[in-house]
Amino acid sequence: MGGGGGWVAAAMFPDEVWEYVFSFVEGDVERNAISLVCRGWHRIERRCRRRIFVGNCYAVSPQTVLRRFPEVRAVTIKGKPHFADFNLVPSDWGGGASVWVEALAEACPQLEELRLKRMVVTDDCLELIGRSFRNFKVLSLTSCEGFSTAGLASVANNCRNLRELDLQENVIEDNCSNWLSHFPESFTSLISLNIACLDGDVNLFLLERLVSRCSNLKTLRLNHSVPLDRLVSILLKAPQLIDLGTGRFSADSRPELLAKLESSFAGCRNLKSLSGFYEAVPAYLPTIFSVCDGLSSLNLSYATIQSAELTKLITRCKNLQRLWVMDLIEDTGLEAVASSCKLLRELRVFPFDPYGAEHVSLTERGLVSVSAGCPMLRSVLYFCQQMTNAALIMVAMNSPNLTCFRLCIMEPHTPDYLTSQPLDAGFSAIVESCKELRRLSLSGHLTDRVFKSIGTHADQVKMLSVAFAGDTDAGLHYILSGCKSLKKLEIRDCPFGDKALLANAAKLETMRSLWMSSCYVSLGACRLLAQRMPRLNVEVIDEQRGGQLASRPDDCRVEKLYIYRTVAGRRSDMPACVWTL
Amino acid sequence: MSAETAKSSTESDVSGLDYEETELKLGLPGSSRIAGSELERKRGFSETVDLKLGGSGGCNLDYLTAESSDTRSSGAGKLPANKAQVVGWPPVRSFRKNALKSCTYVKVAVDGAPYLRKVDIEMYGGYQQLLNALKEMFSCFTIRNSPNNNERRLVDPLNGTEYVPTYEDKDGDWMLVGDVPWKMFVASCKRLRLMKSSEAVNLAPRAPQID
């Protein structure tokens, strides 16, 4: 298709017909493919694209995006690298949302949805959102910072058609405790409200009034300040909820509260998802027994409850598809999950005490049980203290359909504890067996050999996380010269250096980004890379030494390196500790 | 770009980059092992730090966060006793870490004493430190280990009265301090009470697990 030949696609039908056809195609990859067919389709497609995903806010300028897609209604943007979640990225690194919100405010008054992840969002941004978009419906902020409850107040005040306010794991300054009062009395459109990450007290009276008048509310996730007795009245006002995040799930043992809570849960016949359970006590867990059968998602990862009580609850949830829990569940608990939750698709086990030296009775056995007992298992996040190749091989055999496998053995360099061998064989089995694996995180003692397997077999892996692994540059070379679908690579504390990076420079342009910290990359190699690859931003991050990068010699080791492809050139908002070469 | 081209250009463009050090091969850099041989000893971080990229450069390498300088012997999967914490590892989000950290100031009452004190139990690394702190706080006490060495009691030397440290947990039950793992204790302790051991008979200890 294209310029030559007799058939010009666009001329066959009026534009509106093609637009209508294209409206059935929603995925980014497919829309991008449509736009490459011919100039006509490119022109038509861009005018009717409604949803945009910007995986790296510095890969393209807002003006470029909005010039091409003037009719956009829903925008998702991601900012900081993933390792910012673990304090590896300086707090002033960047990821500011203002430049995007300002551009949107000017060019897209029809914007309805904005989703931001790992970005710096100010109260001014929030106010601008409120003032600029008449039909604004969805605001979702995940792992963002820089704003306060005063900013939320302005959203509440201005966004008269808001359907969804979703705040996930943000750091929010609390300077306006009555921000909920800014939702006018006439405001009833809310379908989804997630305030679980709010640190301070929420005005309970206002919250209940809001819940009362928003009869379409389907998702409600409260923060820890909402006590159990108020949860009762909230549930009585919103029995239609599908997704509930409780507040504090503890109280003194009071029979009448137990009874009321049990009865209010029983009234929620549509509950599919439960989360929250902050400071949970076992005494109140039975109050949710009546809804267990209908649950497809259960997040107990903040509930510091011992295995026996956790197990009693989870084994009642026969239709569970997603389970998030702490390692307090222990192997025995996971064995029970494997017997009871046959529809389980996603398991996440978080560490109760990441830094403690105490032995927790959660080992590789729990993971193997679940993989053996749950044929639908697709996604695993597992923190543990020990692992064996045999266990990983069993997981690979039991769960060949895994799409996401993230294993974190908490002590770096931990080998197979039975054989003392590296865990190369185990992880190799995983990538060889799980042909649809899209995300992989490694841990434990690993040599270059595992990277050879990964490079060869992990054809679908888009995101790979590597820490404290490998021996030489060969490891990195195997990854970069293989891994056909690789888009995001993040590496820390590995002996990888210049050779592999320079040998595979072209690969970097096919990826969204590469993060390397505490590795062996030299400044000289970075300079060379930047010189050869003008469409990459090579950012060197150096917090400790200060002073000018330009004067440093080539053999100086780079502390942190972030490389990403971009059509926007070097960014202008870098702090002192970041240099783009 | 082939590996060969890259090698030659790095040699000429980047002075001081020692080719042999960075040659792709399996095996510890700087060693004369044959490629592909078994790696018998895992290289500890103190060794990796010594890897030279050639030239001085005057760069300090102390940003590499502290790891145990002992080479881990094969077979040992146990945690070293004094593990220095590595930044951002294990990869648990700060949000989660903070959420699990609740207010850990608890009141401490002593039977027969007219005053209460408050302690931040999270400040202490374990039961022994907590008991030492209590001893300091109510300065009349000394610590006596009971015969089975798993319980610790505080003794008022003036009258020989023994006090047993107890605590009220989230469920409202009174327990002996030391019954549960330390971290679980920190998460569930609501207040402490130094109970006269004569009154503590109802608190039958389960297998005490004080380190």
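The values are calculated or read from the model by the stated rules, or taken from the named source; none is laboratory data. What you see is a predicted model, and the numbers here were worked out from it, not measured in a lab. Heads up, the Cβs are rebuilt from the backbone with ideal geometry, glycines too, and the neighbour counts pull from every protein chain shown.
Yes or no, residue by residue, for (1) part of a loop (DSSP other than H, G, I, E, B); (2) within 14 Å of chain B (Cβ to nearest Cβ); (3) more than 26 Å from A:Leu222 (Cβ to Cβ):
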| position | (1), (2), (3) |
| --- | --- |
| A:Arg316 | yes, no, no |
| A:Trp324 | no, yes, no |
| A:Leu328 | no, yes, no |
| A:Ala336 | no, no, yes |
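Say we look at the range B:90-105 and pick out the residues that are in a loop (DSSP other than H, G, I, E, B) and more than 7 Å from chain A (Cβ to nearest Cβ); which of these is modelled with the lowest pLDDT? Steps first, answer last, please.
Initially, the range B:90-105 is screened for residues in a loop (DSSP other than H, G, I, E, B), giving B:90-93, B:101-104.
With the extra rule that they be more than 7 Å from chain A (Cβ to nearest Cβ), the set shrinks to B:101, B:103-104.
Values: B:Lys101: 66, B:Cys103: 48, B:Thr104: 58.
This residue is B:Cys103.
Do the conditions hold for A:Tyr562, that is, is it of a type in the set (Phe, Trp, Tyr), crowded, with 22+ Cβ neighbours inside 10 Å, touching a Phe, Trp or Tyr at 6+ places or on another chain (Cβ under 7 Å) and away from chain B (no Cβ under 14 Å)? Spell out the reasoning first.
Numbers: of a type in the set (Phe, Trp, Tyr): yes; crowded, with 22+ Cβ neighbours inside 10 Å: yes; touching a Phe, Trp or Tyr at 6+ places or on another chain (Cβ under 7 Å): yes; away from chain B (no Cβ under 14 Å): yes.
Answer is yes for this residue.
Every residue in the range A:472-482 that is of a type in the set (S, T, N, Q) and part of a helix (DSSP H, G or I), please.
Across the range A:472-482, the qualifying residue is only A:Ser481.
Look at the range A:61-84 and say how many of its residues are farther than 18 Å from A:Asp166 by Cβ and buried (at least 18 other Cβ atoms within 10 Å of the Cβ). Steps first, answer last, please.
Going residue by residue through the range A:61-84, those that are farther than 18 Å from A:Asp166 by Cβ are A:61-72, A:80-84.
If we keep only those that are buried (at least 18 other Cβ atoms within 10 Å of the Cβ) too, we end up with A:61-62, A:65-66, A:69, A:72, A:80-84.
Summing the residues that are farther than 18 Å from A:Asp166 by Cβ and buried (at least 18 other Cβ atoms within 10 Å of the Cβ) in the range A:61-84 gives 11.
Whether any residue in the range A:565-580 is modelled with pLDDT of 95 or more and assigned to a strand (DSSP E or B) is what I want to check.
yes
Pick from the range A:63-96 the residues that are within 14 Å of chain B (Cβ to nearest Cβ) and charged (D, E, K, R): which of them is nearest to the chain's Cα centre (by Cα)?
A:Asp85
Working only within the range B:110-147, note down all residues that are hydroxyl-bearing (Ser, Thr, Tyr), at pLDDT below 70 and touching a strand residue (DSSP E or B) at 6+ places or on another chain (Cβ under 9 Å). Explain how you work it out, then say what you get.
Restricting attention to the range B:110-147, the residues satisfying the condition of being hydroxyl-bearing (Ser, Thr, Tyr) are B:115, B:124, B:127, B:139, B:142, B:146.
Okay, now just the ones that are also at pLDDT below 70, so B:115, B:139, B:142, B:146.
Correct list: B:Tyr115, B:Thr142, B:Ser146.
Of the residues A:Leu236, A:Leu261, A:Leu257, A:Leu274, which is under 26 Å from A:Glu169 (Cβ atoms) and either touching a residue at least 12 places away in the same chain (Cβ under 8 Å) or of a type in the set (Phe, Trp, Tyr) (or both)?
Working: A:Leu236 fails: under 26 Å from A:Glu169 (Cβ atoms); A:Leu261 fails: under 26 Å from A:Glu169 (Cβ atoms); A:Leu257 fails: under 26 Å from A:Glu169 (Cβ atoms).
Result of the check over A:Leu236, A:Leu261, A:Leu257, A:Leu274: A:Leu274.
Name the single residue, out of those in the range B:170-185 being farther than 13 Å from A:Ile305 by Cα and in contact (Cβ under 8 Å) with a residue 40 or more places away in the chain, that is surrounded by the fewest Cβ atoms within 10 Å (Cβ to Cβ).
That would be B:Trp182.
Report whether or not A:Lys462 is touching a Pro at 6+ places or on another chain (Cβ under 9 Å), more than 21 Å from A:Val349 (Cβ to Cβ) and more than 14 Å from chain B (Cβ to nearest Cβ).
Values: touching a Pro at 6+ places or on another chain (Cβ under 9 Å): no; more than 21 Å from A:Val349 (Cβ to Cβ): yes; more than 14 Å from chain B (Cβ to nearest Cβ): yes.
No.
Looking at the range A:241-274, which of its residues are farther than 17 Å from A:Ser225 by Cα and touching a Pro at 6+ places or on another chain (Cβ under 6 Å)?
The answer is A:Gly267, A:Cys268.
In the range A:538-564, what residues are of a type in the set (Ser, Thr, Tyr) and assigned to a loop (DSSP other than H, G, I, E, B)?
Taking the range A:538-564 first, the residues of a type in the set (Ser, Thr, Tyr) are A:551, A:562, A:564.
If the condition is that a residue be of a type in the set (Ser, Thr, Tyr) and assigned to a loop (DSSP other than H, G, I, E, B), then A:Ser551 is the only one that fits.
Can you report the number of residues in the range A:286-300 which are away from chain B (no Cβ under 12 Å) and either among the hydrophobic types (A, V, I, L, M, F, W, C) or under 26 Å from the mean Cα position of the chain (by Cα) (or both)? Even if it seems obvious, please write down each step before you answer.
Of the range A:286-300, the ones away from chain B (no Cβ under 12 Å) are A:286-298, A:300.
If we keep only those that are either among the hydrophobic types (A, V, I, L, M, F, W, C) or under 26 Å from the mean Cα position of the chain (by Cα) (or both) as well, we get A:288-289, A:291-292, A:294-298, A:300.
Qualifying residue count, the range A:286-300: 10.
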